[in-house]
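The structure under discussion appears below in the form of structure tokens.
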Amino acid sequence: MELLDGKLLSSKIKDEVKAGSDSYHQTPILAVVTIGDDEASQVYVNNKKKACEYCDMSMMHFSYEDGVKESVVIKKIKELNKDKTVNGIILQLPLPEKYNTDKLINTISPLKDVDGLTDVSQGKLLAGNPTFVPCTPKGILEIFDHYKIELEGKHVVVVGRSLLVSKPIMLECIRRNATVTMCHSKTKNLGEYTKTADILIVAVGKKHLIDESMVKEGVVIIDVGINRIEGKLYGDVNPNVESKASYVTPVPGGVGPMTVAMLLKNTLIAYKNQNKVE
Ligand code: NAP
């Protein structure tokens, strides 16, 4: 069994992004909008800030208290859309429940939608012509490429059906000629499906939902889940799968660091598109 080392690979990618960023006379700028003080979100925003600094990009953080009027946030996003110095805009999710996530996300200009979550970006992905692939699925594809994991003709089973991770990775796997099965909370006998996977992608948010009895010999496992329990991080996959799997992403140190690296990569793509440079 080999670990798919997202930490190492993400460092390599960040170095490439830094080299790209350094070659331009203007600094690429990512704007991050947050509402409320969700603890996990604060950690993620901090990680993004450190990663931006490492890559010689700037991160502007617009932090609003839970209770801010939706119209105030919409006005700010519209200003950022118009600001020629800002290349990428993200809204840190999840938002407090009373906010209309869909409406706020779709206020972001598709040209600056580096999380790839607006309806326009999702539609382009569905059509097979994405500008910005959402960061977590994009990170998984980079792992496949780096470790030369071929998808053509393989059976990929995705557990979870979110717009953020599962649906985009399903589309991208189909684009690479895999056959894909998608499972969710209403799937009966989940193990019967996961056992047939050549490549198993799990994005649920339930500690150790998948164990060795639910996978076949030689399977490649991508564990997207992040479950923070008493200060420790766990994936959705029990480490006992290592006795059967050929490759596994660790948690932490697998998909997580790749997601941040892809945000920087998408911001650089946005910069290049907006400034018409290579
Ligand atoms: P999400 O929106 O939280 O949805 C979870 C999905 O899991 C839903 O589709 C749900 O099915 C399904 N599900 C719930 N219980 C299930 C069960 N017992 N069996 C099978 N499916 C079940 O998903 P997400 O945003 O993709 O996040 C999933 C996990 O990935 C979370 O732990 C999140 O923190 C993590 N994550 C990590 C990264 C990273 O960078 N590593 C990035 C994003 C997310 P229904 O649709 O039927 O409800």
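For Lys84, the conditions (1) surrounded by 12 or more Cβ atoms within 10 Å (Cβ to Cβ); (2) over 23 Å from the mean Cα position of the chain (by Cα); (3) touching a residue at least 60 places away in the same chain (Cβ under 8 Å) are fulfilled apart from (1). Beta carbons closer than 6 Å, at least 6 apart along the sequence or on distinct chains, pair a first residue in the stretch 99-119 that is touching a residue at least 60 places away in the same chain (Cβ under 8 Å) with a second that is aromatic (Phe, Trp, Tyr) for Val114/Phe132; Gly116/Phe132.
Within the stretch 238-278, being in a helix (DSSP H, G or I) and farther than 16 Å from Lys48 by Cα holds for Pro239, Asn240, Val241, Glu242, Ser243, Ile269, Ala270, Tyr271, Lys272, Asn273, Gln274, Asn275. Which of the residues belonging to the stretch 209-241 are buried (at least 17 other Cβ atoms within 10 Å of the Cβ) and β-branched (Val, Ile, Thr)? Those that are buried (at least 17 other Cβ atoms within 10 Å of the Cβ) and β-branched (Val, Ile, Thr): Ile210, Val215, Val219, Val220, Ile221, Ile222, Val224, Ile226, Val237, Val241.
Counting only helices (runs of 4 or more DSSP H) that sit wholly inside the stretch 39-120, those with at least 2 residues that are in contact with a strand residue (DSSP E or B) (Cβ under 6 Å, 6 or more places away or on another chain) and either within 25 Å of Ser23 (Cβ to Cβ) or of a type in the set (Gly, Ala, Ser) (or both) are 39-54. Scanning the stretch 242-265 for residues that are on the phi < 0 side of the Ramachandran plot and either more than 16 Å from the ligand (Cβ to nearest atom) or surrounded by fewer than 18 Cβ atoms within 10 Å (Cβ to Cβ) (or both) yields a total of 7. Restricting Leu200, Leu163, Leu268 to residues that are buried (at least 18 other Cβ atoms within 10 Å of the Cβ) and without any contact (Cβ under 8 Å) to a residue 60 or more places away in the chain narrows the list to Leu200. Counting just the residues of the stretch 178-223 that are part of a helix (DSSP H, G or I) and of a type in the set (A, V, I, L, M, F, W, C), which one comes out nearest to the ligand (Cβ to nearest atom)? It comes out as Leu190.
For every residue, the table says whether it meets (1) away from the ligand (no atom under 16 Å from the Cβ); (2) surrounded by fewer than 18 Cβ atoms within 10 Å (Cβ to Cβ).
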site	(1), (2)
Lys112	yes, no
Thr118	yes, no
Gln122	no, no
Phe144	no, no
Glu150	yes, yes
Val158	no, no
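Residue-wise test of (1) in contact with a Leu (Cβ under 6 Å, 6 or more places away or on another chain); (2) under 25 Å from Glu39 (Cβ atoms).
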position	(1), (2)
Ala178	yes, no
Asn189	no, no
Ile201	no, no
Gly205	no, yes
Glu212	no, no
Gly218	no, no
Leu233	no, yes
Val237	no, yes
Pro257	no, yes
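Does at least one position in the stretch 57-78 carry a residue that is within 19 Å of the chain's Cα centre (by Cα) and among the small types (Gly, Ala, Ser)? Scanning the stretch 57-78, I find no residue that is within 19 Å of the chain's Cα centre (by Cα) and among the small types (Gly, Ala, Ser), so the answer is no.
Only the coordinates and a few stated rules stand behind these numbers; no lab work does. Everything numeric here is computed off the predicted structure, so don't read it as measured data. All Cβ positions, glycine included, derive from the backbone under ideal geometry; neighbour counts span all protein chains shown.
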